[in-house]
Amino acid sequence: MEAEIISGLKKGKEEAVALLVDKYGDRMLRAASAITGDQQIAEEVVQDTFLQVCKKIDSFNNESSLQTWIYRITINTAKNYIRGAWFRKVSNVENDEIASFSGPHADNPEDKYIQKEEGSGVILSLKKLPRKYREVLVLYYLEELSIKEISNILKQPEGSIKSKLSRGRTMLKAEIGKKRGIESG
Amino acid sequence: MDNFDKYIKQSLQEEVYDVQFSSEKKAKLQQAMYGELKKRREKWWARAVRKFKTFWSSTYEIDLKPVAAAAAVLFIFTGAVAFKSQLNVNAPRAKNVYMQQVVTGPGDNTKIIYIPVKEGEI
């Protein structure tokens with residue numbers, strides 16, 4: 001399937017584009033949503049990722065799998081968007097809270113308000129962690145990738161991924177505990 | 001995997017369960033990707049024409065690094081040329097130097113003669 005997509009993209013076939021979007025579109029969107037904490041930004045991240053895949057397909061040399069390559073581009077693009085989002089936050093502080101993860105059914109203001117009031121569980125807590133821990137936690141828990149696969153995607157040694165996972169897990173636990181404490185007390 | 005790990009995994013998966021592209025957005029994305037693939041297969045001159053048209057008809061993001069590098073090279077080159085030509089002005093070659101001789105003849109008849117000075121005579 002991967003080989004079919006790659007050769008199709010290299011030949012500029014429309015079916016390959018459809019296959020790629022069907023296979024990885026929603027999956028990358030979910031990962032990007034969890035990393036950025038914002039579905040709208042996540043959609044932009046994935047669109048950008050897929051356009052980059054099309055632009056750079058000739059330079060893809062099978063050193064890693066297509067999936068690893070797409071994850072890598074998604075993570076790097078999300079990184080850029082998060083940096084960009086910081087400026088938006090500074091310029092528009094009032095919209096900041098609405099910009100937090102709003103879920104798929106938050107198109108109308110009422111839904112947005114309800115979700116804002118309820119909070120969004122783990123993703124909301126995850127959003128408070130530094131990005132380097134967030135991406136490892138998302139790839140491990142949400143995408144169910146192995147340490148080795150994450151190490152290939154992020155181009156970091158397995159030891160470093162393990163320590164980030166452990167530290168991130170501790171930080172997330174503390175964040176969730178803090179949130180529960182606020183909610184109950 | 002302990003209970004906390006299972007909790008994170010399950011919560012994350014539940015929270016993003018419904019996150020997906022609408023069919024309309026998927027179609028738009030596919031269209032944009034197909035357009036990108038077509039651009040990739042363009043001839044270099046067709047690409048250059050398209051980029052120029054985009055530049056001409058819209059706001060276009062220009063990477064300032066190569067522009068700055070080109071400007072710096074041009075500045076250094078112009079500076080070097082100007083400096084070199086100034087050196088030439090200060091060091092005239094002998095064939096451009098003339099000696100003025102005023103000869104007064106009978107009846108206050110004055111003649112001015114310019115005699116070229118040969119190289120090595122200065």
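The values are calculated or read from the model by the stated rules, or taken from the named source; none is laboratory data. Because the structure is predicted, anything quoted here is derived from the model rather than measured. Glycine gets a Cβ as well: all are built from the backbone with ideal geometry, and neighbour counts include every protein chain shown. These accessible areas exclude ligands, DNA and RNA; they are computed on the full protein's heavy atoms, side chains included. Shrake-Rupley method; radii C 1.70, N 1.55, O 1.52, S 1.80 Å.
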Residues A:Arg131, A:Arg180: which one is open to solvent by 40 Å² or more (accessible area, probe 1.4 Å), without any contact (Cβ under 8 Å) to a residue 12 or more places away in the chain and among the basic types (Lys, Arg)?
-> A:Arg180
What are the residues in segment B:76-103 that are open to solvent by less than 90 Å² (accessible area, probe 1.4 Å) and either modelled with pLDDT of 85 or more or touching a Phe, Trp or Tyr at 6+ places or on another chain (Cβ under 6 Å) (or both), if any?
-> B:Thr78, B:Gly79, B:Ala80, B:Val81, B:Ala82, B:Gln101, B:Val102, B:Val103
How many residues are within 11 Å of chain B (Cβ to nearest Cβ) and open to solvent by 50 Å² or more (accessible area, probe 1.4 Å) if we restrict to segment A:134-168?
-> 2
Just a yes or no: is a residue in segment B:13-20 touching a Pro at 6+ places or on another chain (Cβ under 6 Å) and of a type in the set (D, E, K, R)?
-> yes
Give the residues of segment B:13-24 that are over 13 Å from A:Arg27 (Cα atoms) and at the interface with chain A (Cβ under 7 Å from one of its Cβ atoms), sorted by residue number.
-> B:Glu15
In segment A:102-120, the residues that are within 12 Å of chain B (Cβ to nearest Cβ) and either modelled with pLDDT of 90 or more or surrounded by fewer than 16 Cβ atoms within 10 Å (Cβ to Cβ) (or both) | A:Pro104, A:His105, A:Asp107, A:Glu118, A:Gly119
Output yes when any residue across segment A:24-34 is assigned to a helix (DSSP H, G or I), modelled with pLDDT of 90 or more and open to solvent by 50 Å² or more (accessible area, probe 1.4 Å), and no when none is.
-> yes
Looking at this structure, is B:Glu42 surrounded by 11 or more Cβ atoms within 10 Å (Cβ to Cβ) and either under 50 Å from the mean Cα position of the chain (by Cα) or more than 7 Å from every other protein chain (Cβ to nearest Cβ) (or both)?
-> yes
